[in-house]
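These notes concern the structure reproduced below.
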Amino acid sequence: MTLTTGFLGYRFMGKAHANALDRLLMFFPDAPAIERSILIGRNRDAVEEAADRFGFARVETDWEAAIDDIDVLYNLGPNHVHVEPTVTALENDVHVFCEKPLAPTLEEARRMDSAARRSDALAGVAFNYRYVPAIQLAKRMTDAGDFGDIRRFRGQYLQGWSADPNFPWSWRNDTDMAGTGVLGDVGSHTIDLARWLVGDIDSVMGNLETFVDKRPVEGSDEMRPVTTDDEFSALVSFESGAMGVMEGSRVATGHKGGNRIEVYGSEGGFRFDMERLNELEVRTGDDNGWRRILVTDDDHPYMDAWWPTGHIIGWEHAFVHENYEFLSAIAEDGTYSPNFAEGLATQKVVDAVKRSHSTGSRITL
């Protein structure tokens, strides 16, 4: 079985997923064969150049011209272009793998989920951190009860790339295109991991802040307003009774990719830091302190496909794993997680944090 694919978008996420498809059959020979059929973008010269690098056979500047000729649409564009191409593809039973968050608004995310429910095609959301082997191992241990009853979740994703007020304006600074700033961007990763590891969230108390309210437009003297958040924090409660704290920032000076997850239970817990991606710190049973697991053994999630024990992998490998699972689910008429229902659940939490900030009150989901 060969699946024909079309990518909408060819920048950051386009590179990440094209790289993943390059390595898929090399390391996961049981994956379905993939044909890189169509690369879609607005600027023909730029998309043709990218197609040559990524190995796509054809380019289009109109996504509607591609839908009938592909089995799988990868929607890798900015948030505001997620909705229409995705809904149209699903209405035509074309499988969709969509970058997070699902959409700028909760209403639009509901529309996408509704289309997925009506479609015979699979719809997956690219929460790639679920597919980091260390986090997969943490999930395995959590589900096995190694940490007892989970009582506390802590998640933070701190970056500093936007701390400089002269950093250029982009679509990520516009609420109409992005919906939110750091909250929906990297905050949605934290929310998804919280839900996956601990369970459904039933209430939130949130706060947002924009520290730089205008930014220069690259190549001109124009300044444009920033209408999305630079920073968020939230107190959450889970249906299980566990408590949680989340925070995210684009203006945390000195941080590059500070994606950290901590889970604590009645019998122990674990800690993960993306900047030490191959390591998981755990404490179980009678352990007096934390012990480090180097997640490179053959019996660790996905690691038998890669290198000998002790040889580490990188951030990009999570994209190989999620593509393997999604495309295999298509080939085998199976299911995929995280799906659009889970993407919508995350978007509900994003929306609740926004409403909590606006009203100054705790929001029950």
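The values are calculated or read from the model by the stated rules, or taken from the named source; none is laboratory data. For clarity, every value in this text was computed on a predicted model and none was experimentally measured. So basically every Cβ, Gly included, is an ideal-geometry build from the backbone, and we count neighbours across all protein chains shown.
Results, tabulated for the structure shown:
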{"read-out": "Residue in the range 83-135 that is nearest to S328 (Cα to Cα), counting only those that are under 16 Å from the mean Cα position of the chain (by Cα) and of a type in the set (D, E, K, R)", "value": "R130"}
{"read-out": "Test set (1) closer than 27 Å to I191 by Cβ; (2) assigned by TED's automatic domain parsing to the domain that holds V204 - I330 fails condition number", "value": "(2)"}
{"read-out": "Condition met for V251 (of a type in the set (A, V, I, L, M, F, W, C), within 18 Å of S170 (Cβ to Cβ) and touching a Ser or Thr at 6+ places or on another chain (Cβ under 7 Å))", "value": "yes"}
{"read-out": "Complete set of residues in the range 289-305 that are small (G, A, S) and either assigned to a helix (DSSP H, G or I) or within 16 Å of K139 (Cα to Cα) (or both)", "value": "A305"}
{"read-out": "Complete set of residues in the range 306-318 that are part of a loop (DSSP other than H, G, I, E, B) and within 17 Å of F28 (Cα to Cα)", "value": "W306, W307, P308, I313, G314, E316"}
{"read-out": "Among the candidates R140, R172, residue that is closer than 23 Å to G257 by Cα and either under 20 Å from the mean Cα position of the chain (by Cα) or not in a loop (DSSP other than H, G, I, E, B) (or both)", "value": "R172"}
{"read-out": "Answer from D176, D192, D164 - the residue that is in the same structural domain as V282 (by TED's automatic domain parsing) and crowded, with 18+ Cβ neighbours inside 10 Å", "value": "D192"}
{"read-out": "Test: D298 is closer than 27 Å to L21 by Cα, out of contact with any Phe, Trp or Tyr (no Cβ under 8 Å at 6 or more places or on another chain) and not hydrophobic (A, V, I, L, M, F, W, C)", "value": "yes"}
{"read-out": "Residues (in a helix (DSSP H, G or I), of a type in the set (A, V, I, L, M) and surrounded by 16 or more Cβ atoms within 10 Å (Cβ to Cβ)) located in the range 337-365", "value": "L344, A345, V349, V350, A352, V353"}
{"read-out": "From the options M223, M112, residue that is of a type in the set (A, V, I, L, M) and more than 30 Å from A18 (Cβ to Cβ)", "value": "M223"}
{"read-out": "Check on G160, assigned to a helix (DSSP H, G or I) and closer than 30 Å to K214 by Cβ", "value": "no"}
{"read-out": "Output for the range 177-212, where each listed residue is touching a helix residue (DSSP H, G or I) at 6+ places or on another chain (Cβ under 7 Å), of a type in the set (S, T, N, Q) and not in a helix (DSSP H, G or I)", "value": "T180, N207"}
{"read-out": "V94 vs. criteria free of Cβ contacts under 8 Å to residues at least 40 places away in the same chain and buried (at least 17 other Cβ atoms within 10 Å of the Cβ)", "value": "yes"}
{"read-out": "Per-region count, the range 34-45, residues of a type in the set (G, A, S) and under 19 Å from A318 (Cα atoms)", "value": "0"}
{"read-out": "Index of the failed condition, G6 passing every other in (1) closer than 19 Å to M303 by Cα; (2) in a strand (DSSP E or B)", "value": "(1)"}
{"read-out": "Strands (runs of 3 or more DSSP E) lying entirely in the range 32-133 (those with 2 or more residues that are closer than 30 Å to L277 by Cα and either modelled with pLDDT of 95 or more or not basic (K, R) (or both))", "value": "33-40, 72-75, 95-98, 123-125"}
{"read-out": "Meets criteria (at pLDDT 95 or above, aliphatic (A, V, I, L, M) and in a loop (DSSP other than H, G, I, E, B)) for V282", "value": "no"}
{"read-out": "Filter result (without any contact (Cβ under 8 Å) to a residue 40 or more places away in the chain and not β-branched (V, I, T)) within the range 61-91", "value": "D62, E64, A65, D68, H82, E84, A89, L90, E91"}
{"read-out": "Filtered residues of the range 310-336 (kept if among the hydroxyl-bearing types (S, T, Y) and either touching a helix residue (DSSP H, G or I) at 6+ places or on another chain (Cβ under 8 Å) or crowded, with 18+ Cβ neighbours inside 10 Å (or both))", "value": "Y324, T335, Y336"}
{"read-out": "Top-ranked residue in the range 28-44 [being in contact with a strand residue (DSSP E or B) (Cβ under 7 Å, 6 or more places away or on another chain) and among the hydrophobic types (A, V, I, L, M, F, W, C); ranked as surrounded by the fewest Cβ atoms within 10 Å (Cβ to Cβ)]", "value": "A33"}
{"read-out": "Single match in E279, E239, E275 (criterion: more than 30 Å from V94 (Cα to Cα), surrounded by fewer than 17 Cβ atoms within 10 Å (Cβ to Cβ), over 21 Å from the mean Cα position of the chain (by Cα) and not assigned by TED's automatic domain parsing to the domain that holds K15)", "value": "E239"}
